[in-house]
Amino acid sequence: EHLRRVVTHGLGLQKIYGGDSEVITAAAILHDLGRTNRQLRGKESALESVRLARPLLEQEGFSLEKTDFICQVIAEHDQPEARPATLEGRILKDADFLDGFGARGILRSLLWAGERGEAVSQVIERLKVKMPARIKGLEFPESRKMAERQYRFVELFLSFLEQPPMLETEPVAGKYIVFEGISGTGKETQARKLE
């Protein structure tokens, strides 16, 4: 699901900014191969993805030049502080990050925290601090606009988390009155009179 969404985001940005759609698609599909090793993160995971992607690209008949280009795009994509050297790399970076905001971002943060045995406070910090920082690191105005729109949901989610727990202790006031009868017996008339 993540890969499909990254391809969709990537091709959407490619339509606006250009770039090689074949490179963007291949890099989007292969960019997270290194995630199979849960010990690797960030740049190390991206480099493992390159190692695993190269033989697949060669097997599929990509030229050495295009394989090198795709591998460069993959290698540079998962570095929030660094700017990829190519347009395709910047597109993949944004496309990948765009799948981490809004409701999906909350879900992915929770899954990530569960895998790593992190506390709820670490998830909340990721949502409050790291997610907005990641929005600022996006390369394209369209990406930032979409991420900011999705982040509104995260802010709403966080506001609900910050509310103190409260049980409703007041009994519900009023009466529940039912008028029964077959059609034409005056139920509506009686209800209006009572009201």
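Does the range 57-86 hold any residues that are surrounded by 15 or more Cβ atoms within 10 Å (Cβ to Cβ), farther than 30 Å from residue 131 by Cβ and among the hydrophobic types (A, V, I, L, M, F, W, C), and which are they?
57, 62, 69
From the list 85, 46, 95, 28, which one is more than 17 Å from the chain's Cα centre (by Cα), small (Gly, Ala, Ser) and modelled with pLDDT of 90 or more?
85
Please determine, by comparing only the residues of the range 109-145 that are open to solvent by 50 Å² or more (accessible area, probe 1.4 Å) and in contact (Cβ under 8 Å) with a residue 40 or more places away in the chain, which one is nearest to residue 10 (Cα to Cα).
Filtering first and then ranking leaves 142.
Can you give me the ranges of the helices (runs of 4 or more DSSP H) entirely in the range 12-88 with at least 1 residues that are of a type outside the set (A, V, I, L, M, F, W, C) and farther than 28 Å from residue 145 by Cα?
42-59, 64-76
The values are calculated or read from the model by the stated rules, or taken from the named source; none is laboratory data. A quick note: this is a predicted structure, and the numbers were derived from the prediction, not measured. Here Cβ is always computed from backbone atoms with ideal geometry, including for glycine, and neighbour counts include all displayed protein chains. Side chains are part of the model used for accessible areas, which takes the heavy atoms of the whole protein and leaves out ligands, DNA and RNA. Shrake-Rupley method; radii C 1.70, N 1.55, O 1.52, S 1.80 Å.
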